[in-house]
Amino acid sequence: MKINTKLLHDYPMIDPVTGASSIPKYQASTFHQQDVFTHTGFSYTRFGNPTVEAAEKCIASLEDATFGLAFSSGMAAINAVLFLLSKGDHLVLGKNIYGGTFHSIHLFLSRFGIDCTFVDETDNGSWEKAIKKETKMFYIETPSNPLLTITDIKKVAETARKHGILTVSDNTFMSPLSQHPLSLGVDIVIHSATKFINGHSDVVAGLVATNQEAIYKKLKEHQIALGGILGPEDAWLLLRGVKTMGLRMEKSIKNASKIATFPSEHTKVKKVYYPGLAQHPGYQVHHQQCENSGAILSFELETVDQIQSLFTNCRLPIVAVSLGGVESILSYPWAMSHASMPEEERLKMGVTETLVRLSCGIEDEEDLLNDLTRALG
C-alpha cells in the first residue's frame, strides 16, 4: 500500500457502529460498564479512549510498528520514554538536542540520579566511547533542531544493540513519511505530532511507536500513571490532519529545497543548514537513511539588526514557536525553542543570536522567495 492510500485506509477511519466517515470524538471521561465483573475495553479516558486509540493505531501504521501510544504533547511523549530510566542509569545523547529535551533532562533526570553524557552525534565512534557499564539508553535526534546535524541511525543502533542498550529516535523533523528509524534498528520512535503529522498548528500532541511488547507495556503504564494521554478532541483533529499529510509534505519539501538555495546566494546570509545541500555535513548519510531532505532549513545572518529587520518585514511566514504547519513558520531558536538552555550551552551547540529557522509551508514558492528577498533587503 502506497503512502497516500495508507494515510486514508490503513488504520481505523470509519465508525464501526454508524459507518460515519471519520471516527467520532468520544468526548467522555468515563464509560458505562454493562457487566461490572467483565471489563469491556474502555473504562476511563486516562486509561484509553476509542478516538485516541485510533490515533495510536495511526502512528503504528505510519511507522510500520506493532504498537503506538498518543500523548498530550511531544514533551509528554519524550518524558514518558526518558522515565524508562532509573536511578543509577546512564543516558547518552547527541549534543545538538531540542531545547525542551535538554531542559527536561537537567530538570528531572539529574535530580533522579540518572547520569547523562552529550556526544558529537555526527561521530559514530563517540557513542561507543561514551558507554559505561550503567548505560541503558541512546537518544538520537536526526536531523537535529535547529542546526539539522545528521546522526547515522543504523550505525548508532548497531552499537547500542551490541551492548544491550535501548535506542530511541526523535523523528519529528523528517516525519514517518520520510524516515523509518525502526527499520534501521531503533527500539522506540518519538514524534511531536503537533508538527507535520497534524500539520495545521491547532493541536499539541506526542506519539510513540515500538515493535516491542515489553516496552509498550511500560510506556502504557507511564501514560496512565503520569496522566499524559492525548485528549479525544485533539486526537480527532490529529486524525483529520493526517489524511492530507502526504500531499502537504510533498509541497513543503519542494518549497524548502527551492528556498534553501536562495539564502546561500544572498550577501547577508553567512551560512545555510539544509540536508538537501551537497555541502551540508552528513549529506550522504542523511540520504542513505531518508527519502528526501525535509521541509525545514536554518540560516545565519551577520547581525542581530538584520534578524530584527527580517522578522519585522516578513509578511507571509508567521513568526512563531513550532513548525510543520501548512503555513510557513519563521522561528528564532535563540529566544524560542532553545531559550530554556543556558546561553553557554546554546553557543556551544551553535545556536547563536543570528540564527533563523524556517519551516516551509504549502504557499507558492515564488511568493515565499519574493517575501524573503524583500525582508532581507
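The values are calculated or read from the model by the stated rules, or taken from the named source; none is laboratory data. In this text, all values refer to a predicted model and were calculated from it rather than measured experimentally. Ideal geometry is used to build each Cβ from the backbone, glycine not excepted, and the neighbour counts take in all protein chains shown. All accessible areas refer to the heavy atoms of the entire protein, side chains included, with ligands and DNA or RNA removed. Shrake-Rupley method; radii C 1.70, N 1.55, O 1.52, S 1.80 Å.
Some points to look at:
- Single match in LEU84, LEU91, LEU109 (criterion: among the hydrophobic types (A, V, I, L, M, F, W, C), in contact with a Leu (Cβ under 9 Å, 6 or more places away or on another chain) and over 30 Å from ALA235 (Cα atoms)): LEU91
- Tabulated pairs, the stretch 92-111, first in the same structural domain as SER169 (by the TED database), second assigned to a helix (DSSP H, G or I) and surrounded by fewer than 19 Cβ atoms within 10 Å (Cβ to Cβ), C-beta under 8 angstrom, 6+ apart or interchain: LYS95/LYS348; PHE102/GLU345
- Test for ILE259: is it open to solvent by less than 40 Å² (accessible area, probe 1.4 Å) and more than 24 Å from ASP152 (Cβ to Cβ): yes
- So ILE131, is it over 20 Å from ALA80 (Cβ atoms), over 14 Å from the mean Cα position of the chain (by Cα), crowded, with 22+ Cβ neighbours inside 10 Å and in contact (Cβ under 8 Å) with a residue 12 or more places away in the chain: no
- Within the stretch 3-34, being under 12 Å from SER61 (Cα atoms), of a type outside the set (Phe, Trp, Tyr) and part of a loop (DSSP other than H, G, I, E, B) holds for ASP10, PRO12.
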